[in-house]
Amino acid sequence: MRGYFVTGIGTGIGKTIVSTILTEALEADYWKPIQAGNLDDTDTDFVLNNLSNDNSKVHPEQYRLTTPASPHFAAEVDGVRLALEDFSLPETDRTLIVEGAGGLMVPINEKDLIIDLILHLELPVILVSGIYLGSINHTLLSYDVLRNRNVYIAGIVFNGPPNPSTESIILKHTNLPVILRVNDEEVLNAEVILRYAAEVSLVK
């Protein structure tokens with residue numbers, strides 16, 4: 001099995017949208033290990049409701065935590081402890097898209113961070129970068145953290161209004177391949193996901 005771990009340079013950066021597009025483009029399976037809060041309208045629900053192909057399987061979350069907060073705190077509220085050794089990839093013969101929670105340095109317990117979960121699952125990363133004031137700094141910091149921990153980065157996705165200056169300086173300092181550019185969309189539905197899926201530059 002092959003797969004990718006979709007992480008972002010921060011929270012609310014568009015990981016779920018990008019994960020849905022990648023799942024559609026590769027006719028892959030999808031899995032979000034940790035959902036913290038919004039249990040009536042989860043990221044998994046969004047993916048499930050916006051896929052057009054009949055091959056992808058959306059796997060249930062391993063942890064569904066009630067509080068919309070950092071996983072370590074949300075787990076504490078629910079009386080649960082998240083431990084790296086308890087996480088294992090769902091079995092599938094298809095490519096697997098795994099969506100993280102927040103950014104790389106988000107804690108899942110008192111010791112381990114999302115980047116430790118990435119290393120535990122042994123998956124290459126797709127990094128989602130936003131286009132906003134400060135995103136260059138956040139992207140380059142995320143890149144350095146991944147490289148310093150010897151995590152393979154398959155490529156980068158830019159999410160937001162096009163900004164050639166921001167994109168070019170990030171690419172100059174990282175030399176990452178661009179997998180996709182996602183613009184701001186007034187409506188996000190299966191038709192939009194399908195349109196972007198056709199633009200994904202990633203080997204199936």
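Which helices (runs of 4 or more DSSP H) sit wholly inside region 108-204 and have at least 1 residues that are over 19 Å from the mean Cα position of the chain (by Cα) and among the hydroxyl-bearing types (Ser, Thr, Tyr)? Spell out the reasoning first.
On the way: elements: 114-121, 135-148, 164-174, 190-197.
Those helices (runs of 4 or more DSSP H) span 164-174.
Name the one entry in PRO90, PRO107, PRO68 that is touching a strand residue (DSSP E or B) at 6+ places or on another chain (Cβ under 9 Å), crowded, with 17+ Cβ neighbours inside 10 Å and at pLDDT 95 or above. Give the derivation first.
Details: PRO90 fails: crowded, with 17+ Cβ neighbours inside 10 Å; PRO68 fails: crowded, with 17+ Cβ neighbours inside 10 Å.
Every option except PRO107 fails the conditions.
Determine the pairs where a residue that is touching a residue at least 24 places away in the same chain (Cβ under 8 Å) and under 12 Å from TYR143 (Cα atoms), located within region 160-173, has a partner that is assigned to a helix (DSSP H, G or I) and aliphatic (A, V, I, L, M) with Cβ atoms under 9 Å apart, the partner being 6 or more residues away or on another chain.
ILE170/ILE136; ILE170/LEU140; HIS173/ILE136; HIS173/LEU140
Which fully enclosed strands (runs of 3 or more DSSP E) of region 1-105 have 2 or more residues being out of contact with any helix residue (DSSP H, G or I) (no Cβ under 6 Å at 6 or more places or on another chain) and over 26 Å from GLY134 (Cβ atoms)?
Ranges flagged: 29-31, 63-65, 96-103.
The values are calculated or read from the model by the stated rules, or taken from the named source; none is laboratory data. Please read all numbers here as calculations on a predicted model, not as lab measurements. Because the Cβ atoms are built from the backbone with ideal geometry, glycine has one as well, and the counts that use them run over all protein chains shown.
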